[in-house]
Structure formats: structure tokens, C-alpha cells
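All remarks here apply to the structure that follows.
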């Protein structure tokens, strides 16, 4: 089941969900709107290798915005830091963003119970489009879980994305053994 606005507020009051900064105007009927942070990253090389650490270059979105280009994968980050201790968070793009031809995640729309961080966004576009820091970029939807949790993400040995970062985090696939 998806949490309603009232249930999200109850979970925040209990400390089961944390959103910083929190703005009541961003609370929808059953979601919370998140915003694009100031930092973007692009991979340094045009060819990536899943077995090696692919480094990124960071840059800040200027006040006049930044034009995304098709064919480039941008890593963005949410302005909001979130913690989720009893529900499963899903990040979805806002329809207004999708109608501009922007995708905000390629495959990583679901968080785990215990995820505590800013969300890294895998941004791509179908045509050039200007974006701005702090623009609404997505919405978090919270699902109830059924059953006891054995491994919370933030306490899971080997969790690769636990270090708190207000910047996008590149793929850590290279830390897997395959």
C-alpha cells in the first residue's frame, strides 16, 4: 500500500521518514516532491567498464541554468536528504519533467528500507533542454512493507551507497565480484 499525505506526515512525526529540508507545500496526496540539487556529474570517459571505477567530473548548475544534451548521461542529485526506516521509497519523475523529455532514473527508482542519503539521479534527455538547480525533478512515493526486516540498508555489510553525499555518486558496480 502507498502512504497517503497524512500517513507520510505521521511517519515524519514518528521519525520513520526524514526529509531535509521539508516543505509542506511539496507534499502531494500520496507523494513528496523533490528538487534538483546544484551539482551534476558526467563520466570522464565515453566508454564505461563495469569492472573498473569509472571516474566522474563534477560541475555546478549556474543560475542561468544548464542545457542537457541528448546522448550524454548526467548524474544529478536531489536537494533533499532523506531517510526511510519503515517504508520502501520509490523515486519517480514528475510528469512535467517527463513532458520535457527528461528521464531522471534509468533503473534505480526503488530505495531500500534504511536508505539514508540524497538520491543520485541518472538523467538523460531526448532533445536539448535547459534545467535549473532547485527545480522540481521528481516525487517520492512510500510503500508499506509486510514482514520483519533482517538487513536495513544503512546497516547492511557491503552497502555501497551509505556515505552521505550532497553530490551525485557514480556507479560502484566495480565493487561487486563477477
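If you check 9, 27, 18, which single one turns out to be surrounded by 15 or more Cβ atoms within 10 Å (Cβ to Cβ), over 25 Å from residue 169 (Cβ atoms) and touching a helix residue (DSSP H, G or I) at 6+ places or on another chain (Cβ under 8 Å)? Break it down stepwise before answering.
Working: 9 fails: touching a helix residue (DSSP H, G or I) at 6+ places or on another chain (Cβ under 8 Å); 18 fails: over 25 Å from residue 169 (Cβ atoms).
Every option except 27 fails the conditions.
I need the full set of residues from the range 165-178 which are in a loop (DSSP other than H, G, I, E, B) and surrounded by 10 or more Cβ atoms within 10 Å (Cβ to Cβ), in order please.
Of all residues in the range 165-178, those in a loop (DSSP other than H, G, I, E, B) come to 165-172, 176-178.
165, 166, 167, 168, 169, 170, 171, 172, 176 - these are the residues of the range 165-178 that are in a loop (DSSP other than H, G, I, E, B) and surrounded by 10 or more Cβ atoms within 10 Å (Cβ to Cβ).
Residues to consider are 100, 140, 121; find the one that is in contact with a strand residue (DSSP E or B) (Cβ under 6 Å, 6 or more places away or on another chain) and under 16 Å from residue 11 (Cβ atoms).
Values: 100 fails: under 16 Å from residue 11 (Cβ atoms); 121 fails: under 16 Å from residue 11 (Cβ atoms).
140 is the lone residue from the list that is in contact with a strand residue (DSSP E or B) (Cβ under 6 Å, 6 or more places away or on another chain) and under 16 Å from residue 11 (Cβ atoms).
From the residues in the range 133-148 that are in a loop (DSSP other than H, G, I, E, B) and under 16 Å from the mean Cα position of the chain (by Cα), which one is surrounded by the most Cβ atoms within 10 Å (Cβ to Cβ)? Reasoning before the result, please.
Of the range 133-148, the ones in a loop (DSSP other than H, G, I, E, B) are 133-135, 145-148.
Now narrow it down to the ones that are under 16 Å from the mean Cα position of the chain (by Cα): 133-135.
Values: 133: 18, 134: 11, 135: 15.
Taking the candidates together, the pick is 133.
Restricting to the range 97-116, what's the tally of residues that are on the phi > 0 side of the Ramachandran plot and in contact (Cβ under 8 Å) with a residue 40 or more places away in the chain? Working first, answer last.
Of all residues in the range 97-116, those on the phi > 0 side of the Ramachandran plot come to 101, 114.
Still in the list and also in contact (Cβ under 8 Å) with a residue 40 or more places away in the chain: 114.
Residues meeting the conditions: 1.
Just a yes or no: is a residue in the range 113-122 loosely packed, with under 14 Cβ neighbours inside 10 Å and either at pLDDT below 95 or closer than 27 Å to residue 29 by Cα (or both)?
Our first condition is that a residue be loosely packed, with under 14 Cβ neighbours inside 10 Å; within the range 113-122, this holds for none.
Within the range 113-122, none of the residues are loosely packed, with under 14 Cβ neighbours inside 10 Å and either at pLDDT below 95 or closer than 27 Å to residue 29 by Cα (or both).
Limited to the range 85-112, what total is found for residues that are crowded, with 20+ Cβ neighbours inside 10 Å and modelled with pLDDT of 95 or more?
Residues meeting the conditions: 6.
Those residues that are part of a loop (DSSP other than H, G, I, E, B) and either touching a helix residue (DSSP H, G or I) at 6+ places or on another chain (Cβ under 6 Å) or crowded, with 17+ Cβ neighbours inside 10 Å (or both), I need them from the range 149-161; list them, please. Even if it seems obvious, please write down each step before you answer.
The initial filter retains those residues of the range 149-161 that are part of a loop (DSSP other than H, G, I, E, B), namely 149-152, 156-161.
159, 160, 161 - these are the residues of the range 149-161 that are part of a loop (DSSP other than H, G, I, E, B) and either touching a helix residue (DSSP H, G or I) at 6+ places or on another chain (Cβ under 6 Å) or crowded, with 17+ Cβ neighbours inside 10 Å (or both).
Where in the range 4-121 are there strands (runs of 3 or more DSSP E), lying fully within it, with 3 or more residues that are within 18 Å of the chain's Cα centre (by Cα) and closer than 20 Å to residue 135 by Cβ?
Numbers: elements: 17-20, 32-35, 39-43, 56-60, 66-68, 74-84, 87-93.
Output list reads 32-35, 39-43, 56-60, 74-84, 87-93.
The values are calculated or read from the model by the stated rules, or taken from the named source; none is laboratory data. If you're wondering where the values come from, they're calculated on a predicted model, not measured in any experiment. Backbone-built Cβ (ideal geometry, glycine too); neighbour counts: all protein chains shown.
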